[in-house]
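Q: Please find one structure pasted underneath; my questions will follow.
Here, each number is a calculation from the coordinates, and none is a lab measurement. Keep in mind that what you see is a predicted model, and the values were worked out from it rather than measured. Positions of Cβ are generated from backbone atoms using ideal geometry, with glycine treated the same way; all protein chains shown enter the neighbour counts.
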Amino acid sequence: MATLSLDGVDVMGERLADEVLDVIQEKPNLSKISFVAHSVGGLVARYAIGKLYRPPKEEVKDDISGNGCKEEPRATIGGLEAINFITVATPHLGSRGNKQVPFLFGVTAFEKAASYVIHWIFRRTGRHLFLTDDDEEKPPLQPPLLKRMLEDYEECYFMSALRLFKRRVLYANVGYDHIVGWRTSSIRRESELPKWGESLNEKYPHIVYEEHCKACDSEQYETISTEDDGSSDKLEEELVRGLSRVSWEKVDVSFHNSRLRFAAHSVIQVKDEFMHTEGADVIQHLIDHFHT
């Protein structure tokens, strides 16, 4: 089963979409849907919702309340109302940029070498994460999958689906996550990473910063591009801009003082009998702010 996660973001997304549809069919009384995903699962979930998106039906329903209004048709995710879309330590900008995979120590030579050999280890999923899948398809060549997921592409409504959710939330490790860097998990440029300090709330000791980011328009893009410090490459910038067209709640997490800080990538989403004192407050924050 473990090797199935190497099949690629698209293949995993198709499987997840099929599984969701099976659950919906088995439980006909469901009316709402939310997604909570960890690590590459966040990319898989973004692909899946693109497949599950259902455009508004053309017919307009008469209002049964008798006030003379008609109910406008709404788009759905698999026929359900979209509520929360939450990712935890997910590499939304991929893993190819500088310091996006911290265990490579930010050494450019290591990062470039990784992009050439990653598919030997992580197969198609590795190619998707390092954005080296643009030569994967037969001619004509297509952009890397993560770039295609910035738009409604062919039969996948990636951005329409993402925009449909009432809340979009990013949980990101500010450090000690050796798998997924802070920029890529929080969809920020290097110059946008905030200064953080102690925890904001005693109830959530590992949460050190929260930010509500409104959707950016094209005029804001121009301003940002002139102010950016140039540390991110062109493709990464396209991903930041594309994903910033929708609003996000960003929650930054620090395990710097934790005995399990070197396992931050996993601890951030763990709440069990062995690690209940570590990531439990992050999970509790997610639950407390979950919209129903």
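Q: Tell me, what HN-Hα J-couplings in whole Hz come from the Karplus equation 6.51 cos²θ - 1.76 cosθ + 1.60 at θ = phi - 60° for each residue of the stretch 31-37, using x for Gly and Pro?
A: 10, 10, 9, 9, 10, 10, 9
Q: Follow-up. Sorted by packing (mean other beta-carbon atoms within 10 Å per residue), highest first, where do 280-288, 24-32, 183-191 land?
A: On the way: 280-288: 17.0, 24-32: 10.1, 183-191: 22.2.
By packing density, highest mean first, the sequence is 183-191, 280-288, 24-32.
Q: Through the Karplus equation 6.51 cos²θ - 1.76 cosθ + 1.60, θ set to phi - 60°, convert the phi angles of the stretch 6-15 into ³J(HN,Hα) values in whole Hz; use x for Gly and Pro.
A: Once rounded to whole Hz, the list reads 9, 6, x, 4, 5, 5, 5, x, 4, 5.
Q: Can you tell me how much longer the chain between Asp288 and Glu211 gets when fully stretched, taken as 0.36 nm per residue apart minus their C-alpha distance, in nm with one decimal?
A: Extra length available between Asp288 and Glu211 comes to 26.1 nm.
Q: Let me ask something additional. Quick check: residue separation of Arg261 and Asn29 times 0.36 nm, minus the Cα distance between them. What number comes out in nm? Don't jump to the answer; show the numbers that get you there.
A: Numbers: separation 232, 0.36 × 232 = 83.52 nm, distance 4.21 nm.
Taking Arg261 through Asn29 to full extension adds about 79.3 nm, to one decimal.
Q: Something else about it: How much length would be gained if the chain were fully extended between Glu81 and Glu202, taking 0.36 nm per residue of separation minus their Cα-Cα distance, in nm to one decimal?
A: Values: separation 121, 0.36 × 121 = 43.56 nm, distance 3.38 nm.
Extra length available between Glu81 and Glu202 comes to 40.2 nm.
Q: In square nanometres, what is one fourth of the surface area of the convex hull spanned by the alpha carbons of the stretch 162-215? Can you show the working numbers first?
A: Values: hull surface 19.6 nm².
Over all viewing directions, the stretch 162-215 projects a mean Cα-hull area of 4.9 nm².
Q: Let me ask another. Each label point is 7 Å from the Cα along the Cα-to-Cβ direction; what then is the distance between the points at Glu155 and Thr3, in nm?
A: Label-label distance for Glu155 and Thr3, simple model: 2.8 nm.
Q: List the residues whose amide H sits under 5 Å from the amide H of Val169, counting only those 5 or more places along or on another chain, with H placed 1.01 Å from N in the peptide plane.
A: Residues meeting the amide H criterion: Phe85, Ile86, Thr87, Glu249.
Q: List the residues, sorted by chain then number, that are 5 or more residues from Tyr209 or on another chain and whose placed amide H is less than 5 Å from its amide H.
A: Asp252
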